[in-house]
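**Q** There's a structure below that I have some questions on.
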Amino acid sequence: MKKIKNLLMTTLRNKETSMTNFRGAADKLALVLAQEAADYLETISSTITTPLNTQTTGVIIKKNLILVPILRSGLALVPAFLHFYPQAKIGVIGAKRDEETAIAHLYYKNLPPISADDQVIVLDPMLATGGSLLMTLKILIDLGIKEEQILFVGVICATEGYNLIKKEFPKINMIIAAQDSKLNDKKYIIPGLGDFGDRYFGTE
Ligand code: URA
């Protein structure tokens, strides 16, 4: 892991970190992850003319980009991705897990028109059991998006959730800052960072 990610993860994991500092570290980490996402986006070469009237070749993003944050925590990653990819459309999936069973329920879905050729970046900081992500991926695949056209971006995953997603959708691309080995009996990631949404939005 790049040292900058490790520094930011340490702030996020520390229970003494205030909401303001948690948000600051999460926003910075999101910028790092958004930069890494560029490696997964298809580009084509583009000839441009500089102010010195000289032609040179650069690159531009080839496909339509759609960001799909999973509510609520996924919203925290959106500004960093819009910073680098301002042309992206945004679709929203609302998934809440039952506190008793930890099973994800879809309560909101609002996606822009999606064609099979688009690239989709699914955003959710915490991949625990994988239930919400699995549900989101099934929705996207049913709409015709190819697995390899989907990139998932997260902050921490548990091995259990990561393995489930890789088993169901082996061709999906994933960028996750850290992987933890365990879930507790309430399906929180251990050591983890607690409830990302509560700490980011100040609702704990
Ligand atoms: N969601 C969180 O915010 N934290 C966890 O540990 C698991 C899911």
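**Q** Kindly indicate whether THR43 is without any contact (Cβ under 8 Å) to a residue 40 or more places away in the chain, under 30 Å from PRO112 (Cβ atoms) and surrounded by 11 or more Cβ atoms within 10 Å (Cβ to Cβ).
**A** Criteria met by THR43.
**Q** Only one of (1) within 16 Å of the ligand (Cβ to nearest atom); (2) within 19 Å of HIS105 (Cβ to Cβ); (3) crowded, with 19+ Cβ neighbours inside 10 Å fails for TYR162. Which number is that?
**A** (2)
**Q** Give me a count of the residues in the stretch 93-119 that are among the β-branched types (Val, Ile, Thr) and closer than 19 Å to VAL155 by Cβ.
**A** Going through the stretch 93-119 one residue at a time, the tally reaches 1.
**Q** With the checklist (1) closer than 25 Å to ALA26 by Cβ; (2) modelled with pLDDT under 95 in hand, flag the one item THR101 doesn't pass.
**A** The number of the failed condition is (1).
**Q** Now a separate question. Residues of the stretch 187-204 being exposed (fewer than 14 other Cβ atoms within 10 Å of the Cβ), more than 10 Å from the ligand (Cβ to nearest atom) and either in a helix (DSSP H, G or I) or not acidic (Asp, Glu) (or both), which ones?
**A** If the condition is that a residue be exposed (fewer than 14 other Cβ atoms within 10 Å of the Cβ), more than 10 Å from the ligand (Cβ to nearest atom) and either in a helix (DSSP H, G or I) or not acidic (Asp, Glu) (or both), then GLY202, THR203 are the ones that fit.
**Q** Being within 16 Å of the ligand (Cβ to nearest atom) and within 15 Å of GLY74 (Cβ to Cβ): is that true of LEU106 here? Before the answer, list the steps.
**A** Working: within 16 Å of the ligand (Cβ to nearest atom): no; within 15 Å of GLY74 (Cβ to Cβ): yes.
So LEU106 does not fit the description; no.
Conditions (1) in contact (Cβ under 8 Å) with a residue 40 or more places away in the chain; (2) within 16 Å of the ligand (Cβ to nearest atom); (3) crowded, with 24+ Cβ neighbours inside 10 Å, marked per residue:
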| position | (1), (2), (3) |
| --- | --- |
| VAL122 | yes, yes, yes |
| LEU127 | yes, yes, yes |
| GLY131 | no, yes, no |
| LEU137 | no, no, no |
| LEU143 | no, no, no |
| LYS146 | no, no, no |
| GLN149 | yes, no, no |
| PHE152 | no, yes, yes |
| CYS157 | no, yes, yes |
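**Q** Name the one entry in LEU67, LEU71, LEU111 that is within 14 Å of the ligand (Cβ to nearest atom) and either within 26 Å of ASP27 (Cβ to Cβ) or free of Cβ contacts under 8 Å to residues at least 40 places away in the same chain (or both).
**A** Result: LEU71 is the single residue among LEU67, LEU71, LEU111 that is within 14 Å of the ligand (Cβ to nearest atom) and either within 26 Å of ASP27 (Cβ to Cβ) or free of Cβ contacts under 8 Å to residues at least 40 places away in the same chain (or both).
**Q** Could you say whether any residue in the stretch 171-186 is over 16 Å from the mean Cα position of the chain (by Cα), buried (at least 17 other Cβ atoms within 10 Å of the Cβ), within 14 Å of the ligand (Cβ to nearest atom) and not hydroxyl-bearing (Ser, Thr, Tyr)?
**A** Yes: one or more hits.
The values are calculated or read from the model by the stated rules, or taken from the named source; none is laboratory data. Note that the coordinates shown come from a computational prediction; the quantities given were computed from them, not determined experimentally. Neighbour counts are summed over all protein chains in view; Cβ atoms, including those assigned to glycine, are modelled from backbone coordinates with ideal geometry.
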